[in-house]
Amino acid sequence: MAAKKLQSIRGIHDGLPAEVRLWQKVESAARKVFSTYAFSEVRLPILEPTELFVRSIGEATDIVSKEMYAFTDQGNDNICLRPEGTAGSVRAYLQGGLTRSGTQRWFYIGPMFRRERPQKGRLRQFQQIGVEMFGANGPLEDAEVLAMAHNFLSELGISGLQLEVNSLGCSACRPGYREALLTYLNERSDKLCETCVERVDKNPMRVLDCKETSCQAELNDAPEMVNHLCEGCETHFSGLKVGLHALNVPYKINARIVRGLDYYNRTAFEIVTDQLGSQGTVLAGGRYDGLVTELGGPATSAIGFAAGLERLGMLLNETDAALVDVAVVALGEEVISYSMQQAAQLRGEGFSVVHCGGGSAKRQFKVVDREGARFVVIIGEEEMQQARVTLKDMATGDQQQLSVDKLTAVLGKSSKAETI
Ligand code: ATP
Ligand code: MG
């Protein structure tokens, strides 16, 4: 009897080659763009003390109350798999003694864990590309961080993305707004979903981003934080908008954006797509000036965002990250050695190449198809003698004969390898 095949845990997926290639494309766009803004990579622990998230995200949130993979280890310590990267970054910033080292600009790429209900674009282990900037308090910095997020996604060439911004105010103006919102919600509490009825008591602003259409319909005339900002927050928000205009970053104001957690203030933003159903937020972030003190450090302003790698990968075409630039087809025993040398030469020039292994043309062209090669270099005896090859562009079907010394130049101009 065959042994039973084990399955991965529900909501936890394997990254197989085709998908990892897409993720790597996203990662290299992030590295490229972030480095132009002088952000440096950090590699932080996946296991953290559970208390870190209880203190930062808070016990009242879904993440901490029911989604964390938390356990007691063999030494009786309460540890958990990190559900997000901001709290760990603040911990590391403080533990590393960097509070007097000037502005810190960090990014990280790695897995996060939340025991949510698995759906398309919603996993229990997923990856985030996150950014945190410590010691940056002005709207200029906010505009630059938002522009960086925008440039990162533009670099990937994904269409139909929209940047949405909001201001969450601060401890001076939010309480007044909260009252106005409460009055509005209480008048309609019989029309809200069950979860929102609870939210009205605990955290009324969370009602604003309820995904139920019936709740959204009730919110049409709800008061908006942007109309209740104190002078300082108003100036900050205008400064952000001026910055975004100056940098030519298109945006829309969305008064429904809230970050569920108390430590968020002022700028909050999301980049959304309509291509992923209700999992349409691919990147989200905001300013969190209160968190560093919450975790025991000196007053430090900070802003950050995180993008979901799997969701971004889903927006890329598989062919965007085609692995094979060139497949080499050798027609006849006599040309095998020569064709292998041509393959080696192309690899030396940095192209990714598979040699189809000789044999019948039919079999080799099957290999070409399966590999999804962008170009085929076909070498027969006549080509070898004339130091020429036949080059076929699989995207257009065009075929041309050209001399070997022109090959790399022609490939280089049109190959995907150039753009990745
Ligand atoms: P959502 O509203 O989709 O639940 P969120 O507000 O919980 O997102 P953040 O905690 O701000 O998201 O995380 C930033 C990004 O990480 C999200 O915009 C999304 O792209 C991604 N992300 C969050 N949770 C998941 C998940 N369970 N599976 C896959 N990606 C996720
Ligand atoms: Mg969530």
Subject >> Long-range neighbours under 7 Å by Cβ, at least six apart or interchain, first residue assigned by TED's automatic domain parsing to the domain that holds G130 within segment 98-112, second surrounded by 17 or more Cβ atoms within 10 Å (Cβ to Cβ) and modelled with pLDDT under 95 >> reply: T103/A136
Original post:
Out of E187, E194, E132, E218, which single residue is in contact with a Lys or Arg (Cβ under 6 Å, 6 or more places away or on another chain), more than 16 Å from ligand 2 (Cβ to nearest atom) and either acidic (D, E) or assigned by TED's automatic domain parsing to the domain that holds P298 (or both)?
Top reply: E218
Original post:
Hey, among the residues in segment 122-153 that are out of contact with any helix residue (DSSP H, G or I) (no Cβ under 8 Å at 6 or more places or on another chain) and modelled with pLDDT of 95 or more, which one's farthest from ligand 1 (Cβ to nearest atom)?
Top reply: G135
Subject >> Test result for R266, on the phi < 0 side of the Ramachandran plot and surrounded by 15 or more Cβ atoms within 10 Å (Cβ to Cβ) >> reply: no
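In segment 187-204, what residues are part of a helix (DSSP H, G or I) and out of contact with any helix residue (DSSP H, G or I) (no Cβ under 7 Å at 6 or more places or on another chain)? Spell out how you get there, then give the answer.
Of all residues in segment 187-204, those part of a helix (DSSP H, G or I) come to 187, 189-191, 194-202, 204.
Scanning segment 187-204 gives E187, D190, E194, T195, E198, D201, K202.
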Original post:
Which one is surrounded by the most Cβ atoms within 10 Å (Cβ to Cβ) among residues in segment 86-121 that are under 13 Å from the mean Cα position of the chain (by Cα) and near ligand 1 (Cβ under 10 Å from one of its atoms)?
Top reply: M112
Original post:
Among the residues of segment 304-311, is any basic (K, R) and out of contact with any Gly (no Cβ under 9 Å at 6 or more places or on another chain)?
Top reply: no
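Which residue is nearest to A29 (Cα to Cα), if the candidates are limited to segment 318-374 and must be assigned to a helix (DSSP H, G or I) and touching a His at 6+ places or on another chain (Cβ under 8 Å)? Outline the logic, then answer.
Quick first cut of segment 318-374, residues assigned to a helix (DSSP H, G or I) only: 318-321, 333-348, 361-371.
Okay, now just the ones that are also touching a His at 6+ places or on another chain (Cβ under 8 Å), so 339-340, 343.
Working: S339: 34, M340: 33, A343: 28 Å.
Of everything passing the filter in segment 318-374, A343 is nearest to A29 (Cα to Cα).
The values are calculated or read from the model by the stated rules, or taken from the named source; none is laboratory data. Model, not experiment: these values are computed from the prediction. As a convention, Cβ positions derive from the backbone with ideal geometry for all residues, glycine included, and neighbour counts pool all protein chains shown.
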